[in-house]
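Enquirer: Shown below is the structure under consideration.
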Amino acid sequence: MTAAPAPAAWDMSAAEVLEREGVVAETGLDQATATARLARDGPNDVQVHPPAPLWRSIAGQLRDTLVLVLLAAAVLTAVTGDLVDTAVILLVVTVNTVLGVVQERRALREIRALDGLVAPSARVAREGRDTWVPTRELVRGDVLRLAAGDVVGADARLVRSVQLQVDESLLTGESQPSDRDAASLSPVSTPMADRTGMVHAGSTVLRGSGEAVVVATGAGTVIGQVALLVGGRPSPLTPLQRRLSVLGRQISIGVAVACLLFLASGLLRGQPWETTVVAAVALAVAAVPESLPAVVTLALSAGAGRMGRRGAVVRSLPAVETLGSVTLLATDKTGTLTEGAMSVDRTWTPRGGELAVGSAGSAPEETDRLWTAAVLCNDADASGAGPDGDSGTADTETAIVRAARAAGCDVGQLRRNHPRERAEPFDAVTRQMTTWHRGLGAGSSVLVKGAPEVVLRGIDGAGAAQAVSDRWAEVGRRVLAVVADGQLLGLIALADPVRPEAAAAVESLHRAGISVVLVSGDHAGTAAAVAREVGVVDARHPAAAHVHARIEPAGKLDLITGWQAAGEVVAMTGDGVNDAPALRAADIGVAMGQRGTEVAKEAADLVLVDDSLATVTAAVAEGRRVFDNVRRFVGYGLAGGLSEVLIMLLGPFLGLALPLLPAQVLWVNLLTHGPVGVAMGGEPAAPDVLHRPPRNPAAGVLDRSLVIQLVGNGLALTTVCLAVATWSRSADGPWQTQLFVTLSVGQLALALALRPAGAWSGGSPWLPVAVVANLALLAAAVLLPGLTDLLGTGPLTVSETALAVAPALLPGALVLLVSAVRRPSLDTGAK
């Protein structure tokens, strides 16, 4: 990797720079030279945030509030001389830290792997032909081919430019577009923002086109030099993690208050201070759901991994949870609801009228003139190859070239006979393309191709043409008008078939309570026709509210901010450079992976590998699944913690001086919150995940219904545990060991009872496996010599075991009964 900035190129002409870099602009580098330069200079990237070392990941886990409570408890038990409990506490901290570190580093690996699916690429000239290469493989001397929507991959000196405008706000902070000119020369001392003959890595092409020779890569670029000055910063916490962090602090404060009250009451009753401190420590560790950070990390990273495998690449973890709250999806038309494979359907000329492609018309000269102008005012390859070199795909320009070739036009010969003098490329604002050519008539001819309502203004015969255009648009055709030297040549209609899965995807989103709105720059009739075909518009969803046509980039931004002001959580799909502001402003920006520009992908939170709306539906389901699993574990973990706290507080009043030892409480938490908690984070989605309205994003994890559920479950566990212990104590039995077993089995049974509906028939097997494994560990805790001494337990007879286990199943059975009673009403509501 180049560590120092490259020598100046902005004070040299393009020809001088080409000579210095040893390359010819028309042919570019040969592959052998490019490979040698890549090996010499290294990849074209800069690791601003290199992977954190292992020790930093461990330290991050140990800084968690809940873990700090456990470490404080370990210190207290060590001070009192209770080294056995100290060792057990440290063991639990170690196990949970290992779980957290493993999940964190696994998440980083998955995210890096997913990023590779949407790695940026650049179009360069290699060995005389254009080719796409990963941006990290650019080398000095590569000749970049630049067009609107491209992200510049390296610092480069312009060789050719046509109305080129770039956005360098990432580098300069200047929000206004910057004009670029290949003929410009600047002194060596010129500030970066004023080097108008250069384009820099990280800037985006807003309009126009150009060619540029790479003069610096990697750390040698302007942005690379800045990146080397930036220290690594940790990734921000997701909203869910922030809410859980607050919950952790609240639990810690509650634990501290409860422990102080417990200490005071114990000392007032005359208990020895060592016993009282040990009991207070047991109370503290009972209330701490220490596996919560690991479960959240697993749930988010696993959700991102599942989305990636289904074609939705998550670029930031907060997007995983935010997807579950989306209330409105603003989708574009081409390539998302439709195939995005355009084909010319028919033409119209003033004298020849409407003509299906392939048919013989009454005015062949007019049709020939129309095709001639349409392929000259066109940037597609003369061979008709698609934008990715595939003869099976086609954008609008390529579709026109193919149709003209089928009609007998020699596109290559036409372009040689009538060379282009200059051009104004198509953009989303002007909605037209203009080119100037020699040889079509006396002097230079001006050809214009674009949206009929723009191109036809002031043209003779515009009324009849506009009527035809409107009629075609109403049946879903995309229409272009072609004019030469102010004279109307005709219209071209293109068809783009609807994706077969689009209607089902829209229906699923509607069932999920998500409003779908079509936002398009296309003709209103075309947009409405497609919206009706896929179900965006129907009796319940009128076109006036759900179709917005001929929307310019600024209009998209206004729509999004308006929806957000009305309380909607907005997801927005887009593919062009002009979509980037709207993608960034949306709560979830969704970029197209196949046809999306690099700037759109950079602005998005989610990239669709297959450009399909059905993938958005699957991603929404995954987002809801992640939140449901985290919420389920929080309710489960806090219910167990509540029961343990109540047992420790109420036990002394029932004659149980120290209901559970700190080591026993920690062993229970290790069994019930460790692997079981992690397995709960990967549970399948509930059957109604896409049959219920989105959750309120402002609501926390602990809403009213979850609080009622966890308090009920906690009280039920407390009741059966204290009942077993008091019964056994009255019979002079091993009540503490039986209480230990009842509490453990009760929480494990509760974890199984809380599984979502349908999990047993087609869900993950990991939770049942974790429960069975932990039951084996529980048996070892009361039977295995050495471990029983460490935990203060003893073996139980068959009848004592039955007395401990049978009541422990009651809270879980109660949960299943309540779920069975509620499910018919929920199913009715879903219908």
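The values are calculated or read from the model by the stated rules, or taken from the named source; none is laboratory data. Because the structure is a prediction, the values reported are computed rather than measured. Neighbour counts are summed over all protein chains in view; Cβ atoms, including those assigned to glycine, are modelled from backbone coordinates with ideal geometry. These accessible areas exclude ligands, DNA and RNA; they are computed on the full protein's heavy atoms, side chains included. Shrake-Rupley method; radii C 1.70, N 1.55, O 1.52, S 1.80 Å.
Enquirer: Looking at the structure I just gave you, is L606 in contact (Cβ under 8 Å) with a residue 60 or more places away in the chain and open to solvent by less than 30 Å² (accessible area, probe 1.4 Å)?
Expert: Working: in contact (Cβ under 8 Å) with a residue 60 or more places away in the chain: yes; open to solvent by less than 30 Å² (accessible area, probe 1.4 Å): yes.
Yes: the conditions hold for L606.
Enquirer: Going by the structure shown, is G589 without any contact (Cβ under 8 Å) to a residue 40 or more places away in the chain and within 14 Å of L323 (Cα to Cα)? Can you show your working first?
Expert: Numbers: without any contact (Cβ under 8 Å) to a residue 40 or more places away in the chain: yes; within 14 Å of L323 (Cα to Cα): yes.
When the stated conditions are applied, G589 passes them.
Enquirer: Still on this structure, please answer the following. Restricting the search to region 786-799, which residues are open to solvent by 50 Å² or more (accessible area, probe 1.4 Å) and at pLDDT 90 or above? Walk me through it before giving the result.
Expert: First, pick out the residues of region 786-799 that are open to solvent by 50 Å² or more (accessible area, probe 1.4 Å): 789-790, 795, 797-799.
Within region 786-799, P795, T797, V798, S799 meet the criteria.
Enquirer: Which ones in region 587-602 are more than 15 Å from T334 (Cα to Cα), open to solvent by 10 Å² or more (accessible area, probe 1.4 Å) and within 15 Å of the chain's Cα centre (by Cα)?
Expert: D587, K601, E602
Enquirer: Hey, another quick one. Among all residue pairs at least 6 apart or on different chains, which show Cβ distances below 6 Å where the first residue, located in region 169-189, is within 21 Å of A15 (Cα to Cα) and the second is at pLDDT 85 or above and part of a helix (DSSP H, G or I)?
Expert: A182/A14
Enquirer: Please go through region 727-764 and pick out each residue that is surrounded by fewer than 19 Cβ atoms within 10 Å (Cβ to Cβ), within 39 Å of the chain's Cα centre (by Cα) and polar (S, T, N, Q).
Expert: S761, S764
Enquirer: Going residue by residue through region 683-705, is there one that turns out to be outside any loop (DSSP other than H, G, I, E, B) and open to solvent by less than 50 Å² (accessible area, probe 1.4 Å)?
Expert: Here is the first cut: in region 683-705, the residues outside any loop (DSSP other than H, G, I, E, B) are 704-705.
Adding the requirement that they be open to solvent by less than 50 Å² (accessible area, probe 1.4 Å) leaves none.
Within region 683-705 (the criterion being outside any loop (DSSP other than H, G, I, E, B) and open to solvent by less than 50 Å² (accessible area, probe 1.4 Å)), the answer is no, since none of the residues qualifies.
Enquirer: Out of E137, E110, E104, E127, report the one residue that is modelled with pLDDT of 85 or more and over 23 Å from T204 (Cα atoms). Give the steps one after another, and end with the answer.
Expert: Details: E137 fails: over 23 Å from T204 (Cα atoms); E110 fails: modelled with pLDDT of 85 or more; E104 fails: modelled with pLDDT of 85 or more.
After applying the criteria, what remains is E127.
Enquirer: Exactly one of (1) charged (D, E, K, R); (2) open to solvent by less than 60 Å² (accessible area, probe 1.4 Å); (3) assigned to a loop (DSSP other than H, G, I, E, B) is unmet by K556. Its number?
Expert: (3)
Enquirer: Provide a single number: the residues in region 422-435 that are free of Cβ contacts under 8 Å to residues at least 60 places away in the same chain, out of contact with any Leu (no Cβ under 8 Å at 6 or more places or on another chain) and open to solvent by less than 90 Å² (accessible area, probe 1.4 Å). Write out each step before concluding.
Expert: Initial filter on region 422-435 (free of Cβ contacts under 8 Å to residues at least 60 places away in the same chain): 426, 430, 432-435.
Adding the requirement that they be out of contact with any Leu (no Cβ under 8 Å at 6 or more places or on another chain) leaves 426, 430, 432-433.
Now drop any that are not open to solvent by less than 90 Å² (accessible area, probe 1.4 Å), which leaves 430, 432-433.
Counting residues in region 422-435 that are free of Cβ contacts under 8 Å to residues at least 60 places away in the same chain, out of contact with any Leu (no Cβ under 8 Å at 6 or more places or on another chain) and open to solvent by less than 90 Å² (accessible area, probe 1.4 Å) gives 3.
Enquirer: Which of the residues belonging to region 561-575 are of a type outside the set (D, E, K, R), out of contact with any Pro (no Cβ under 7 Å at 6 or more places or on another chain) and more than 16 Å from L337 (Cα to Cα)? Walk me through how you get there before you give the answer.
Expert: Going through region 561-575, the residues of a type outside the set (D, E, K, R) turn out to be 561-567, 569-574.
Cutting the leftovers down to out of contact with any Pro (no Cβ under 7 Å at 6 or more places or on another chain) gives us 561-567, 570-574.
T561, G562, W563, Q564, A565, A566, G567, V570 - these are the residues of region 561-575 that are of a type outside the set (D, E, K, R), out of contact with any Pro (no Cβ under 7 Å at 6 or more places or on another chain) and more than 16 Å from L337 (Cα to Cα).
Enquirer: Looking at A545, A505 in this structure, which one is assigned to a helix (DSSP H, G or I) and surrounded by fewer than 16 Cβ atoms within 10 Å (Cβ to Cβ)? Working first, answer last.
Expert: Numbers: A505 fails: surrounded by fewer than 16 Cβ atoms within 10 Å (Cβ to Cβ).
Answer to the selection: A545.
Enquirer: Now, a different point. Out of everything in region 710-726 that is in contact with a helix residue (DSSP H, G or I) (Cβ under 8 Å, 6 or more places away or on another chain) and among the β-branched types (V, I, T), what residue ends up being surrounded by the fewest Cβ atoms within 10 Å (Cβ to Cβ)?
Expert: Taking the candidates together, the pick is V711.
Enquirer: Among residues belonging to region 253-293 that are polar (S, T, N, Q) and farther than 24 Å from P675 by Cβ, point out the one that is modelled with the lowest pLDDT.
Expert: So the first thing to find is which residues in region 253-293 are polar (S, T, N, Q), and the list is 265, 271, 275-276, 291.
Now restrict to residues that are farther than 24 Å from P675 by Cβ: 265, 271, 275-276.
Values: S265: 75, Q271: 73, T275: 69, T276: 75.
The residue in question is T275.
Enquirer: Which members of region 455-482 meet the condition of being more than 27 Å from R532 (Cβ to Cβ) and either in contact (Cβ under 8 Å) with a residue 60 or more places away in the chain or of a type in the set (K, R) (or both)?
Expert: Across region 455-482, the qualifying residues are R457, G461, V482.
Enquirer: Only one of (1) of a type in the set (V, I, T); (2) open to solvent by 30 Å² or more (accessible area, probe 1.4 Å); (3) closer than 30 Å to A299 by Cβ fails for T672. Which number is that?
Expert: (2)
Enquirer: Further question: Could you say whether any residue in region 343-364 is under 35 Å from the mean Cα position of the chain (by Cα), open to solvent by 10 Å² or more (accessible area, probe 1.4 Å) and at pLDDT below 90?
Expert: yes
Enquirer: Right, something else. Which ones in region 625-661 are open to solvent by 10 Å² or more (accessible area, probe 1.4 Å) and within 32 Å of the chain's Cα centre (by Cα)? It would help to see each step written out before you state the result.
Expert: Within region 625-661, the subset open to solvent by 10 Å² or more (accessible area, probe 1.4 Å) is 625, 627-628, 631-632, 638, 642, 645-646, 649-650, 652-655, 657-658, 661.
R625, F627, D628, R631, R632, L638, listed by residue number.
Enquirer: Any idea how many residues of region 49-97 are modelled with pLDDT of 70 or more and not in a helix (DSSP H, G or I)?
Expert: So the answer is 2.
Enquirer: Could I ask something else about it? Pairs under 6 Å by beta carbon, first residue farther than 18 Å from D688 by Cα in region 497-515, partner of a type in the set (A, V, I, L, M) and outside any loop (DSSP other than H, G, I, E, B), six or more apart or different chains?
Expert: As it stands, the answer is V498/V534; E501/A614; A502/V534; A502/L613; A503/V534, since those pairs meet every condition given.
Enquirer: Filter region 256-284 down to the residues that are among the β-branched types (V, I, T) and open to solvent by 10 Å² or more (accessible area, probe 1.4 Å), then identify the one that is nearest to L660 (Cα to Cα). Working first, answer last.
Expert: Step one: filter region 256-284 for residues among the β-branched types (V, I, T), giving 257, 275-278, 281.
Those still in the list that are open to solvent by 10 Å² or more (accessible area, probe 1.4 Å) too: 257, 275, 277-278.
Values: V257: 20, T275: 12, V277: 13, V278: 10 Å.
Only one residue tops the list, namely V278.
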